[in-house]
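So the structure is just underneath, and the comments pick up after that.
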Amino acid sequence: MTKPRLVGLTVLALLAFAANSLLCRMALQQRSIDPASFGTLRLAAGALVLGLMARGQPRAPRDGWAALALFAYVACFSFAYLSLAAGTGALILFACVQLTMFGAGLRAGERFATAGWLGLLLALGGLVWLVAPGLAAPEPLAAALMAAAGLAWGLYSLRGRRAAGPALVVSAGNFLLALPPALLLSALWWPQRHAEPAGVLLALASGGLSSGLGYVVWYAALPGLPALRAATVQLAVPPLAALGGVLLLGEAMTPRLLLASAAILGGIGLVLLGRGRASQ
């Protein structure tokens with residue numbers, strides 16, 4: 001894969017993740033839909049859109065572990081936000097993603113040069129500063145669910161680095177296999193269900209567009225990204241989502257947002273420019 005193509009795919013994936021963060025926040029924090037229904041509709045929409053796009057393409061081996069990780073991420077993420085502040089949730093989620101993917105990368109022999117480690121510290125510091133105003137002592141169950149979501153997303157990303165087949169076909173299979181446990185969860189949650197039209201539309205947009213298509217692009221980029229870099233670049237999602245909130249939701253642009261975003265993106269830049277050793 002050429003470097004410009006890898007950069008383009010990575011940027012598109014990060015923008016999709018940021019858009020997905022906004023959609024999920026609008027639906028779940030405004031209580032316009034229950035978390036089980038949101039997760040099920042999200043996976044169903046993704047499976048439908050990707051399945052239609054993948055029609056006629058050669059089949060790829062199904063990855064049950066990736067599908068299980070995808071379901072666990074969607075379910076745990078949705079339920080965690082019932083009682084978790086956005087800033088606290090982002091910090092727990094991305095910390096666990098980093099730990100999961102860094103652990104795998106280090107075991108595989110990947111290493112950063114000095115500039116890369118400095119960049120990572122700068123990006124992590126920027127993330128903490130960005131979400132600091134929203135930090136609060138989390139409820140233990142909500143914190144555990146978000147930590148599980150981070151672990152699941154890290155594992156899903158690691159599986160994508162070794163996906164056996166085209167990203168579109170593999171992602172369509174993952175969404176389809178993740179749907180049955182989501183339907184079971186919705187059935188168990190049925191007495192507490194509620195869904196306003198706005199919540200349903202947000203779930204469908206999240207699944208069919210920012211999740212489904214975004215995850216395809218991410219799976220296409222992952223084989224070209226060592227685990228340590230794939231983990232680090234995802235730290236760009238919180239500032240991108242925050243900037244999206246300013247542009248689309250009328251949220252305030254603050255000096256903290258500008259400076260923290262600069263720190264995160266600058267740190268990621270140091271990681272990407274640094275020369276490190278990676279075992280592919």
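The values are calculated or read from the model by the stated rules, or taken from the named source; none is laboratory data. Everything numeric in this text was worked out from a predicted model, so none of it was measured. Counting neighbours? That spans all protein chains shown, and the Cβs are built from the backbone with ideal geometry, glycine included. Calculation scope for accessible area: heavy atoms of the full protein, side chains included, ligands and nucleic acids excluded. Shrake-Rupley method; radii C 1.70, N 1.55, O 1.52, S 1.80 Å.
The test for being loosely packed, with under 15 Cβ neighbours inside 10 Å and either in a helix (DSSP H, G or I) or in contact (Cβ under 8 Å) with a residue 24 or more places away in the chain (or both) holds for L259. Here the stretch 39-59 is the region considered, the condition is being open to solvent by 20 Å² or more (accessible area, probe 1.4 Å) and not in a helix (DSSP H, G or I), and the residue that is farthest from G199 (Cα to Cα) is P58. In the stretch 93-194, counting only helices (runs of 4 or more DSSP H) that sit wholly within it, the ones holding 1 or more residues that are among the hydroxyl-bearing types (S, T, Y) and modelled with pLDDT of 90 or more span 140-160, 167-188. May I ask you to list the residues in the stretch 97-106 that are open to solvent by 30 Å² or more (accessible area, probe 1.4 Å) and either polar (S, T, N, Q) or closer than 20 Å to V131 by Cβ (or both)? Within the stretch 97-106, just L99 meets the criteria.
How many residues, within the stretch 20-38, are part of a helix (DSSP H, G or I) and open to solvent by less than 40 Å² (accessible area, probe 1.4 Å)? So the count comes out to 10. Within the stretch 220-235, can one find any residue that is at pLDDT 90 or above, under 30 Å from A67 (Cβ atoms) and touching a Pro at 6+ places or on another chain (Cβ under 9 Å)? Yes, the stretch 220-235 contains at least one residue that is at pLDDT 90 or above, under 30 Å from A67 (Cβ atoms) and touching a Pro at 6+ places or on another chain (Cβ under 9 Å). The set of residues from the stretch 2-19 being among the aliphatic types (A, V, I, L, M) and either open to solvent by less than 60 Å² (accessible area, probe 1.4 Å) or at positive phi (or both) comprises L6, L9, A13, L14, A16, A18, A19. Only one of the numbered conditions (1) open to solvent by 10 Å² or more (accessible area, probe 1.4 Å); (2) over 21 Å from G214 (Cα atoms) is not met by L127, and that is (1). Does the stretch 131-166 hold any residues that are out of contact with any Gly (no Cβ under 6 Å at 6 or more places or on another chain), open to solvent by less than 50 Å² (accessible area, probe 1.4 Å) and not hydrophobic (A, V, I, L, M, F, W, C), and which are they? Correct list: G150, G154, Y156, S157, G160, R161, G165. Residues in the stretch 118-142 that are touching a residue at least 60 places away in the same chain (Cβ under 8 Å) and either farther than 25 Å from L243 by Cα or acidic (D, E) (or both): 1 in all.
Of everything listed in (1) among the β-branched types (V, I, T); (2) closer than 14 Å to V170 by Cα; (3) at pLDDT below 95, the single unmet condition for V49 is (3). Of all the residues in the stretch 168-197, those that are out of contact with any helix residue (DSSP H, G or I) (no Cβ under 7 Å at 6 or more places or on another chain), open to solvent by less than 90 Å² (accessible area, probe 1.4 Å) and more than 30 Å from G56 (Cα to Cα) number 2. Every test in (1) under 16 Å from the mean Cα position of the chain (by Cα); (2) not basic (K, R); (3) not in a helix (DSSP H, G or I) is passed by A252 save one, and that test is (1). Each residue in the stretch 65-88 was checked for being of a type in the set (S, T, N, Q), more than 9 Å from G39 (Cβ to Cβ) and buried (at least 20 other Cβ atoms within 10 Å of the Cβ), and 1 pass. Within the stretch 25-46, the set of residues being under 17 Å from the mean Cα position of the chain (by Cα) and over 16 Å from F175 (Cβ atoms) comprises R25, M26, A27, L28, P35.
When G212 is tested against the conditions (1) in a loop (DSSP other than H, G, I, E, B); (2) surrounded by 18 or more Cβ atoms within 10 Å (Cβ to Cβ); (3) not hydroxyl-bearing (S, T, Y), the lone failure is (1).
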